Amino acid sequence: MPADRFSLLRRWEGLILILLVAVTTWASLGVDGFANSSNVSFLLLDVTEIALMALTMTLVIVAAEIDLSVASTLGLSCAVLGWLWNAGLPIEAIMPICLVAGALCGALNGFLVTRLGLPSLAVTIGTFALYRGLAYVILGDQAVADLPPAYTSLATATLGPIPVVTLLVAVLAVLFVVILHATALGRAIVALGSNEEAAYFAGIRVKRIRFWLFVASGAMAALASLVFTFRYASARADNGGGLELAVIAAVLLGGVSIFGGRGTLPGVLAAVLLLGVVRNALILADVANEVLNFVTGLLLVASVLAPNLGAVWRRRTSPPLEGSLEGKSAL
Amino acid sequence: MADSPPPVLALREVSKSFGAVRALREVSLSLIAGEALALAGENGAGKSTLVKILSGVHRPDAGRLLLDGEPVEFHGPADAQAAGVAVIYQEPTLFPDLTVAENIFMGRQPRGRLGRIDRRAMRAQAAALFTRLGVPLDPEQPARGLSIADQQLVEIAKALSRDARVLIMDEPTAALSGNEVTRLFGVARSLREQGCAVLFISHRLDEIFDLCQRVTTLRDGGHVADDRIADIIPDDLVRRMVGRELGALFPKQDAVPGEVALQVRRLTREGVFTDVSFEVRRGEIVALAGLVGAGRSEVARAVFGVDRWDAGSVQVGGRALRPGSPAASMALGLALVPEDRRQQGLVMELSIERNIALAGLAEVRHGPLISRAAERVRAADWAQRLQLRHRSLADAVDVLSGGNQQKVVLAKWLARQPSVLIVDEPTRGIDVATKAEVHRLLSELAVGGIAVLMISSELPEVLGMADRVLVMREGRLVAEIPRGTATEETVMAAATGIGGGGA
Amino acid sequence: MTITAKRPGATLRDSGRGLVERVARVRELGIVVALAVLFGVTGAVNPEFLGLDSLRDILLNSAIIAMLAVGQTLVVITRNVDLSVSSVVGLSAFGGALVLADNPGLPIVVVIAGCVLLGAACGAINGLLVGAAKVPALVATLGTLYAFRGIDYAWAGGRQVNAADMPDSFLSLGSRPVLGVPLLALAAIAVLLAVGWMLRNLRSGRELYAIGSNPAAAVLAGIPVRKRVITAFVASGALAGLAGAMWAARFGTVDAAAATGKELDVIAAVVVGGVAIFGGSGTVYGAALGALLLTGISSALAVLRVDALAQTAINGALIIAAIVLDRLLALRVAAALRRRRYRDAR
Amino acid sequence: GGTTRDDVAQQASASAAAPASSAAADPNAPLKAGLKIAFLPKQVNNPYFTIADAGGIEAAKEFGGEGKEVGPSEASASSQVSYINTLIQQKQDAIVISANDPNAVVPALKQAKDAGIKVVSYDSDTAPEGRDLFVNQASAEDLGRTEVQLLAEQIGHKGKIAILSATPNATNQNTWIEFMKDELTKPEYKDMELVKVAYGNDEDQKSFTETQGLLRAYPDLAGIISPTTVGIAAAARYLSDSKFKGKVKLTGLGTPNQLRKFVKDGTIDGFELWSPGDLGYLACYAAAALASGQITGAEGDTFKAGKLGEYTVGAKGEVLLGKPTVFTKDNIDDFDF
Ligand SMILES: Nc1ncnc2c1ncn2[C@@H]1O[C@H](COP(=O)(O)OP(=O)(O)OP(=O)(O)O)[C@@H](O)[C@H]1O
Ligand SMILES: Nc1ncnc2c1ncn2[C@@H]1O[C@H](COP(=O)(O)OP(=O)(O)OP(=O)(O)O)[C@@H](O)[C@H]1O
Ligand SMILES: [Mg+2]
Ligand SMILES: [Mg+2]
């Protein structure tokens, strides 16, 4: 990582972390009911799906692509689960099928993007509708609720204040942090996200990597759908509608550049928590929903604005083009 | 020249640092109407930085900028342009999505009624410029896909179209071959005679001596000397730049050619090159010469697997190559140092060490994980061998000077210790001293049994280094000239198809 | 005597003016074909679809999205994006409706102007965030997407404005035809042509493309990047404001949630219309055609009596089909051109 | 042998037997003062719920309790759950909820009940184990059948009809539609044919264009039933300035204020709805009665609901608000909500 940007990134993550700590302390002191363990565990539980999908979304965006279809994939996987469950399959058999279904959704995205060279935004806007639609085709207007208590309760079970599923998230998070920041694959992803042509000239299998990133994203959405379904004990075609924006918001708030090649997972995870904490605290403090949206928006902008204002200030004293020479930062 | 009119544009004790790097230290220089000034210096000496100050991109930390003797401050490139300064930057700055004509006239398009852009006039003027430069570029062609050389030519046309008072050219010839250079100089001279002040930067000394009247030399960002070209010989200039004596520039060692390492048979890529066959033996350095646009880079790209080919075959060490897969080619020991370092060679936002490691991630691994230590060692070793001028290996490559960026690309591929090395314009933008170093390296490698295919538009380099010279014209291989008979004349004749040569 | 290599570029000049090639060069070709197919097939199955009323409805439905797509294109061309349009539409629609409902005496022009100004103001905020403060557009406008909608909700406080509360003179704008063509559609077309002309023929228009194509180079070329980017956002905002007024007139019942989620439809229209999402290329005509295609698809599905539950899926499938078709056509053309160059080259 | 549907079903039936109510009711216990009662509608900023919850909050004032409305701005089950959680943390005395998903909210509501919070569902019921009481605006059966009867009269028991519903997953609408279909099987409707159920997702614009689509696809449509306030308003809006105005009959559930204009200009002959305000009002009293131990939610318990008088808990812990009002141009001006 370049020195200047590294420090900026550090500043960015630092900012998010500081914000996280600040908000949390304020909430635990100022908002009663926040600090108590059942709320904490609920808070953690509530960000599970977003956290899961943010892991893969980060890789996808660092690779200069985007996947708007995750929430729909989640819905489709829910529908598959409900449908097969009604058909009487054992849940242990259904779950892997769901993961495969999710992976297939991702594979279709990946195929269209890497083999046909279509922009991922266009493709995933299309599959965003397609997968949600398929969910309705499969499960229609039914809601499947009689899911096995063993699993539904596991999904909400906690060890102390820590929900079981949060442990799952933690394990995966560690895995992804290592992949992105310490393996050849991670390097390749960053490189191809930053300059695809150069990466290709360096013998990196650009398309193959991109393809598998989409597959991973789909599978992860399916995994999230399992948590989601069991957590709410309800499989419906419209599960998780609108989550994609929440995920992307978290990833961007975490300091990942939408143009690829830049971003770190710790930052993203911090952002996911930050958004969760803010939501939870404000609702507890009886802040009206509209204000909630407003704050979320401000948070998003402010977190980026702060470091940039610094940069703008520095620009007064130094060259107009400082750092902007690689063409991306004008965005 | 106390009594002569004040310089059109001048720098006085100008300093500029980037963080810890002091790119310029109290440098002064004057651009005088009707005179061509050369700016000489090693890679990283501060030439481009100086250019960027003259063009309003950077603002000096200290010192003054004088326009017609009056202090001025440029707040941005727009100001400099308004003051009549036209610049050809070292790295092309084109708009890939727009046509060549629009690239040239962006912001200054000829207009008709209602401020409507007069496309016909624009096309005509662009065409006129190209005829003047003698290059057959289509004004309506999009800039995307232009070879680095063609881009450079568009940049030149852009600068000329501004009929400016000051024309600044930062290594405009780096990617060009003899013809374009002659042409360019012709135009530059006529401008100069019309009273335009010219600043010219190049690492090809002959060009400096050919075009300029005076030369200002920088070393480590400091001003070293001001000479009239008439008073010095190239060696003096080199001494001023490097600060020491320099041996022969092309210490080519002879090597006994071994068995065939790279064999290309009837390779064709429709619309780009046709029926290209040649072979390179271990220990051999084969040069691929030709005019800009002859399709040499395209051949290299196809052989390495970046572009697919429509017909023919490629064998490395007797094993057939899978088309369209650089990874596969690399597995067989092939390496390509591409011609466009910024687009194809480097990931600008990544650090020096990571760029060098990028082509050999498998080799810096430690179990499943990347070993930063191994990475650092690999980078440090080659940075040292190529005399890379850098602050820290953790810096982004985009803060490096042009030539030093080129060195990073070389390091990246040499570090792989390939068995067949294709280098496309390997010394583009590299200073004399290091160029000698690179040449020594190449011939060492050859002696060490590596097969080298070298694409170069710089004839002296070709003649100095090559055991055999292959010449391309219009996408076809038109001649093969052994070292013995390879001369400026024979090669140019083949390349241009005039006076014998090839078909 | 000039000594130079003959190369693709060169041959292009003489061979390049062929009609085939010029047609082939039209980026919107693919989508036009897609549109033709859609209307052809649907019309064949159910002629009603090509009936006047039906066409009128399709025009009306696409008018608003098309208007937004035009604004969005301005922004996308500069390598930015404006996700907040839907919230701006909602805000302006509700604001306009509320003002009209609360003081019916107010002349309608004033209200519409107010909506446009409101939109422009929102656009200015985005523009400053992106152009001046250098916040990545996606982050900035995703933020304002939430923020503007929040303001909208706060303003509405659960209130809803019904058709009954608004003067008919205003509502009639939503459907009144002029010379057979609905007013809204005319407005959209006017905007489309105006913006299209400016983008092609004015320096400032071309500079937008330059900025999106290579921002750093744009600065070096002395283009006032910041100013242009801000302008693009303001324009997009203003159009969104206008679209808001149109929305209120067309749908009559407006609450704070109006137009929620429409940003995706707009982006879809723009992308399907062949505007490069990373800037530098594409036309507003393409974007408008994209809007027409997308609304056309959903109307067609209804006419074809597709089961309601299957509509979403088919809709998505058709969107993908459209962009794939577009892409394949482009590839074929490119290959054909390469072969031509090859033939001419010898 | 993994976990299958049947195993679960058995376990369920095994555990089902448990008695509904535990502690005994004390009918003459006074309403506790200062009860904290929270309304959790499907979606805030939805006019229908704004009215209903206003009614409830007013009721709370009457008996000196404090009522408040909280909730998501998009009608989704998951976001409702986070609100339930916070209401638990806030130690409310009762939660009055209209469920977006009858099942998804149950786990959270169970937690609430464990925390001693009384749960009343209104407008849209949750699964029975999730709540103590369901305050039902009108029996689903009545609604479904009367809608059909209303339309049948308007179109003379003849012709194609369509339904414009909310979202495909909307629980209420789906049950009502079931009863409509059942009603249509009766002989007197043999000449009526239900050609399509369309979904406007309770978005004005979507409903608007869906109506459009319906009329394109079935130009000979005789009537539309839209059992959702958003849908009917949008449909009316489209019909009122299309050539189908007055020809295609429209009925369903809507608020007088939204539809007055269209009733007057003849787009709509008649539609029906209960008083949302009263619904909230009643739900609030029911919650208070539960929280004060007046009732346990067992069948037969009775309680006073302020101005609305006395109500009795029916089977399956349901309290019925009463018959919905049918609005026509003769009576519509007597109502303002
Ligand atoms: N934007 C920047 N940030 C930090 N350091 C920079 C930047 N630009 C240039 N430098 C440093 O300033 C010094 C001079 O760079 P410059 O590009 O002027 O060298 P140059 O003379 O043009 O070399 P070359 O002949 O290779 O082009 C180099 O050490 C380079 O690393
Ligand atoms: N990616 C591309 N797409 C379309 N045309 C291209 C592309 N790359 C190169 N060309 C054109 O093909 C021709 C041959 O390429 P190129 O100029 O690289 O050959 P060359 O002999 O290596 O020239 P140079 O001396 O610049 O390296 C050039 O005219 C160039 O404009
Ligand atoms: Mg330089
Ligand atoms: Mg080349």
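Of all the listed residues (B:Gly84, B:Gly69), the sole one being on the phi > 0 side of the Ramachandran plot, away from ligand 2 (no atom under 16 Å from the Cβ), more than 14 Å from chain C (Cβ to nearest Cβ) and small (Gly, Ala, Ser) is B:Gly69.
The rows are residues; the columns are (1) over 30 Å from C:Ala335 (Cβ atoms); (2) within 14 Å of chain A (Cβ to nearest Cβ); (3) away from ligand 3 (no atom under 16 Å from the Cβ).
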| site | (1), (2), (3) |
| --- | --- |
| B:Arg322 | no, yes, yes |
| B:Ala331 | no, yes, yes |
| B:Arg365 | yes, yes, yes |
| B:Ala383 | yes, no, yes |
| B:Asp395 | yes, yes, yes |
| B:Val399 | yes, yes, no |
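Within the range B:344-359, is even one residue within 17 Å of A:Ala202 (Cβ to Cβ), within 16 Å of ligand 2 (Cβ to nearest atom) and within 7 Å of another protein chain (Cβ to nearest Cβ)? There is at least one residue in the range B:344-359 that is within 17 Å of A:Ala202 (Cβ to Cβ), within 16 Å of ligand 2 (Cβ to nearest atom) and within 7 Å of another protein chain (Cβ to nearest Cβ).
Conditions tested, residue by residue: (1) in a helix (DSSP H, G or I); (2) surrounded by fewer than 24 Cβ atoms within 10 Å (Cβ to Cβ).
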| site | (1), (2) |
| --- | --- |
| C:Leu242 | yes, no |
| C:Gly280 | no, yes |
| C:Leu289 | yes, no |
| C:Ala336 | yes, yes |
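For the range B:165-190, which residues satisfy the criterion of being small (Gly, Ala, Ser), more than 16 Å from ligand 4 (Cβ to nearest atom) and surrounded by fewer than 21 Cβ atoms within 10 Å (Cβ to Cβ)?
Across the range B:165-190, the qualifying residues are B:Gly186, B:Ser190.
For B:Val154, only one of the following conditions fails: (1) within 12 Å of ligand 2 (Cβ to nearest atom); (2) of a type outside the set (Gly, Ala, Ser); (3) surrounded by fewer than 23 Cβ atoms within 10 Å (Cβ to Cβ). What is its number? The single condition B:Val154 does not satisfy is (3). Within the range C:116-165, if we keep just the residues that are within 7 Å of chain A (Cβ to nearest Cβ) and touching a Phe, Trp or Tyr at 6+ places or on another chain (Cβ under 6 Å), the residue that is farthest from D:Pro72 (Cα to Cα) turns out to be C:Ala147. Being more than 16 Å from B:Ala300 (Cβ to Cβ), among the hydrophobic types (A, V, I, L, M, F, W, C) and at pLDDT 90 or above is true for just one of B:Ala451, B:Ala436, B:Ala446. Which residue is that? Every option except B:Ala446 fails the conditions. Among strands (runs of 3 or more DSSP E) entirely within the range D:19-111, having at least 2 residues that are surrounded by fewer than 21 Cβ atoms within 10 Å (Cβ to Cβ) and at negative phi singles out D:66-69. Per the conditions (1) more than 7 Å from every other protein chain (Cβ to nearest Cβ); (2) surrounded by fewer than 23 Cβ atoms within 10 Å (Cβ to Cβ); (3) over 30 Å from D:Glu129 (Cβ atoms); (4) of a type in the set (A, V, I, L, M, F, W, C), the sole criterion not satisfied by A:Ala184 is (1). When the strands (runs of 3 or more DSSP E) confined to the range D:159-233 are screened for residues that are in contact (Cβ under 8 Å) with a residue 12 or more places away in the chain, out of contact with any strand residue (DSSP E or B) (no Cβ under 9 Å at 6 or more places or on another chain) and at the interface with another protein chain (Cβ under 10 Å from one of its Cβ atoms), none reaches at least 2 such residues.
Selection of the range B:284-314 for residues being β-branched (Val, Ile, Thr) and either away from ligand 2 (no atom under 13 Å from the Cβ) or surrounded by fewer than 22 Cβ atoms within 10 Å (Cβ to Cβ) (or both) yields B:Ile285, B:Val286, B:Val306, B:Val314. For the range B:195-222, filtered to residues that are without any contact (Cβ under 8 Å) to a residue 60 or more places away in the chain and more than 16 Å from ligand 1 (Cβ to nearest atom), the residue that is nearest to B:Leu160 (Cα to Cα) is B:Asp210. Against the numbered list (1) more than 17 Å from the chain's Cα centre (by Cα); (2) farther than 21 Å from A:Gly102 by Cβ, A:Val177 comes up short only at (1). For the range A:110-121, the set of residues classified as out of contact with any Leu (no Cβ under 9 Å at 6 or more places or on another chain) and either within 10 Å of chain C (Cβ to nearest Cβ) or surrounded by fewer than 21 Cβ atoms within 10 Å (Cβ to Cβ) (or both) consists of A:Phe111, A:Thr114, A:Arg115, A:Pro119, listed by residue number.
Yes or no: the range B:431-449 includes at least one residue that is in contact (Cβ under 8 Å) with a residue 60 or more places away in the chain and within 16 Å of ligand 2 (Cβ to nearest atom). No; the residues of the range B:431-449 include none that is in contact (Cβ under 8 Å) with a residue 60 or more places away in the chain and within 16 Å of ligand 2 (Cβ to nearest atom). Here A:Val100, A:Val169, A:Val190, A:Val165 are screened, and the one residue that is out of contact with any Asp or Glu (no Cβ under 6 Å at 6 or more places or on another chain), surrounded by fewer than 21 Cβ atoms within 10 Å (Cβ to Cβ) and not acidic (Asp, Glu) is A:Val100.
Just so you know, in the range B:109-122 the residues that are more than 8 Å from chain C (Cβ to nearest Cβ) and within 24 Å of C:Pro215 (Cα to Cα) include one that is surrounded by the fewest Cβ atoms within 10 Å (Cβ to Cβ), and it is B:Pro110. Each residue in the range B:279-317 was checked for being in a helix (DSSP H, G or I) and either touching a helix residue (DSSP H, G or I) at 6+ places or on another chain (Cβ under 6 Å) or within 13 Å of chain C (Cβ to nearest Cβ) (or both), and 4 of them qualify. Taking D:Ala104, is it facing another protein chain (nearest Cβ under 9 Å) and among the small types (Gly, Ala, Ser)? So D:Ala104 fits the description; yes.
Among the residues of the range A:190-238, those identified as free of Cβ contacts under 8 Å to residues at least 60 places away in the same chain, under 17 Å from B:Arg342 (Cα atoms) and assigned to a helix (DSSP H, G or I) are A:Glu197, A:Ala198, A:Ala199, A:Tyr200, A:Phe201.
Residue-wise test of (1) within 16 Å of ligand 1 (Cβ to nearest atom); (2) crowded, with 24+ Cβ neighbours inside 10 Å; (3) under 26 Å from the mean Cα position of the chain (by Cα); (4) small (Gly, Ala, Ser).
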{"site": "B:Gly44", "(1), (2), (3), (4)": "yes, yes, yes, yes"}
{"site": "B:Leu50", "(1), (2), (3), (4)": "yes, yes, yes, no"}
{"site": "B:Leu65", "(1), (2), (3), (4)": "no, no, no, no"}
{"site": "B:His75", "(1), (2), (3), (4)": "no, no, no, no"}
{"site": "B:Val87", "(1), (2), (3), (4)": "yes, yes, yes, no"}
{"site": "B:Gly107", "(1), (2), (3), (4)": "no, no, no, yes"}
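Among the candidates B:Ser28, B:Ser17, the residue that is within 14 Å of another protein chain (Cβ to nearest Cβ), away from ligand 2 (no atom under 16 Å from the Cβ) and over 23 Å from the mean Cα position of the chain (by Cα) is uniquely B:Ser17. For the range B:21-42, residues that are near ligand 1 (Cβ under 9 Å from one of its atoms) and surrounded by fewer than 24 Cβ atoms within 10 Å (Cβ to Cβ) total 2. Across the range B:123-171, the number of residues qualifying as more than 9 Å from chain C (Cβ to nearest Cβ), more than 16 Å from ligand 1 (Cβ to nearest atom), hydrophobic (A, V, I, L, M, F, W, C) and in contact with a Pro (Cβ under 8 Å, 6 or more places away or on another chain) comes to 4.
The values are calculated or read from the model by the stated rules, or taken from the named source; none is laboratory data. The structure displayed is predicted, hence computed values, not measured ones. Cβ atoms come from the backbone with ideal geometry, glycine included; neighbour counts cover every protein chain shown.
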